[in-house]
Structure formats: structure tokens, C-alpha cells
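Colleague: Okay, here's the structure, questions in a sec.
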Amino acid sequence: MKPHVAPPLLSEIAYERILQALFDARVPMGARVSQGWLVALAGVPVGPVRDALKVLEADGLVKVHPRAGIELIKPTTDLLRATIQFRLMIERPAARSFAIGVDPATLDDLIARHAALSAEFATLPPDQNVFDRLTEVEEVFHPALVASLGNELVDASYRRLRLMTRINRVSAKVYPLAACVSIAEHVEVLTACKRRDADAAEAAIGRHLTNALNRSLGMG
């Protein structure tokens, strides 16, 4: 007998729909919108939308102004720098922990995923946007490092950082050449982990995130 899985709450549906609309740039970033506008967007009653807004505000994605609308987050250079700075604080020790404790099967699977994606990108036209494909492997690689810390408080903070990272990259385009550079930087971390070289893994993830910041700022 299959275990019973409770259906998602309407507030959870509203949260996910508003969040996805932010990621898809279907809402005016930085603008103020009405609660009624968000109710129409989410397609659920006002009560669940209010509950969803409490979570979105706690995540730092919206700011509710009583009787003056809901202000949506806006990507800025300051937000980008702050997000990367915080990620560095978490992911450097995470890379060390991963290098020391990761099981070989997990590591080999990650390396194989990256090799397959790099080979795929090498066959694509240079002007093809591969942002979504690159994001897929990033959503496996980076959380795997952080999970190795086994720290619930860090996990909660990192969940919010991942949201901020997505917000910072709304409407971003990534082309195969740049994507291959990111993949190679991931592989440098993984190769260090395969050697169980925690110092090298920490240094490599630091370079990767710093380079990612510079690329986002058009400096590399």
C-alpha cells in the first residue's frame, strides 16, 4: 500500500506560483503590486495568498506595506555582491567537509554529470542560451556541498540564498562557452575532492564563486 501523501496547501501553491512568476520575470521586479493582483496571478483565494506573502516576506522577496501595496524584490549589484559574499562564507567550509566525507559513488556521479554536460555544450551553437541546463547541474552541485555540513541552520539560510541567486539571474542568458567555463570550475572542486584535498577544494570553490560574481558584473 502506497503511503498517503497530503495535497499541498493553497498557501503553498500560492507561494510557488508567485515565486515562479518572479523567476520567469512575469511580474514587475521592484514595483509595487496589489494583493488583488497577486490573487489573480496565483489563482487562489485571498487568505492563502496572505499566508504565502508572510513566507515570501520572511524570505526577503517581498515587502508588505499596509494599505500601500506589496513591493517586489529588485535585483541590484549590492544584492548580488551580498549574496555571493554570504555564499562564500558557507560554501568554503562546505567544500572542505565535502572533500573529507563524500562517498566515492556520489563523487563519481557528479563528475560524470559534469562531463556529459560539457560534451553536450560543445556540440551546441555558440549563441544558444543554455541557462536552464546549467542551472540544473548547479542545483545539484552546490546544495550537495552544503548538505555535507549537516547543519539545519545553514540549510535554512542557504535555501534563502538560492532564492536570491535565482532572483539575481532573472532573464539571464548563458552561452555554451561561458557555461563550459563554469562546468570546468565545478570539476576543479570535484577533482580536489577526489584527492581528498580539502584545502584545494576550498580554494577552488572560492575562485568559482568570485569568478561567477565577476562574470555577472561583466568583469570576466
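Colleague: Given the options Ser34, Ser118, Ser157, which has the most mean-square fluctuation in a GNM of the chain, springs set between C-alpha atoms less than 10 angstrom apart?
Modeller: Answer for the Gaussian network model of the chain: Ser34.
Colleague: Would you kindly derive the ³J(HN,Hα) couplings of the range 108-116 from the backbone phi angles with the Karplus curve 6.51 cos²θ - 1.76 cosθ + 1.60 (θ = phi - 60°), listing them in order in whole Hz, with x for Gly and Pro?
Modeller: So the J values, rounded to whole Hz, are 5, 5, 5, 4, 5, 4, 5, 5, 5.
Colleague: A further question on this structure: Test of understanding: in a Gaussian network model of the chain with alpha carbons linked when under 10 Å, which of Leu79, Leu153, Leu88 would top the mean-square fluctuation ranking?
Modeller: Leu153
Colleague: Now for a separate question. Hey, what's the Cα Rg ratio for the chain versus the globular rule of thumb, 2.2 N^0.38 Å?
Modeller: Output field value: 1.13.
Colleague: For the chain, what is the number of Lys pairs with C-alpha distance below 25 angstrom, counting only pairs 8 or more positions apart or on separate chains?
Modeller: For the chain, qualifying lysine pairs total 4.
Colleague: Do any trypsin sites (Lys or Arg not before Pro) in the range 109-181 lie in a loop, going by DSSP, with at most 14 other beta-carbon atoms within 10 Å of their beta carbon, and if so which?
Modeller: Passing sites in the range 109-181 are Lys173.
Colleague: Given Cβ point charges of +1 (Lys, Arg) and -1 (Asp, Glu) and nothing else, what value in debye, to the nearest 20, does the dipole of the chain about its Cα centre take?
Modeller: Approximately 660 debye in magnitude.
Colleague: With unit charges on the beta carbons (Lys and Arg positive, Asp and Glu negative) and the dipole taken about the Cα centre of the chain, which residue among Gly101, Ile183, Thr77 sits farthest to the positive side?
Modeller: Comparing the listed Cα positions along the dipole, Thr77 ranks first.
Colleague: Assuming a ≥ b ≥ c are the square roots of the Cα gyration tensor eigenvalues, decide whether the range 10-72 counts as rounded (a/c under 1.5), prolate (otherwise, with a/b larger than b/c) or oblate.
Modeller: Here the range 10-72 falls in the rounded category.
Colleague: Based on Cβ point charges of +1 for Lys and Arg and -1 for Asp and Glu, what charge dipole magnitude is obtained for the range 159-207 about its Cα centre, in debye rounded to the nearest 20?
Modeller: Dipole about the Cα centre, nearest 20: 380 debye.
Colleague: In debye, nearest 20, what is the charge dipole magnitude of the range 95-220 about its Cα centre with +1 on Lys and Arg Cβ and -1 on Asp and Glu Cβ, if you could check?
Modeller: The dipole magnitude comes to about 340 debye.
Colleague: Quick one: among Pro66, Pro93, Pro176, which has the greatest mean-square fluctuation in a GNM of the chain with alpha-carbon springs under 10 angstrom?
Modeller: Highest fluctuation of the listed residues: Pro66.
Bear in mind these aren't lab numbers, they're just calculated from the coordinates by the rules spelled out. Bear in mind the structure is a predicted one, so any value in this text is a computation, not a measurement. Ideal geometry is used to build each Cβ from the backbone, glycine not excepted, and the neighbour counts take in all protein chains shown.
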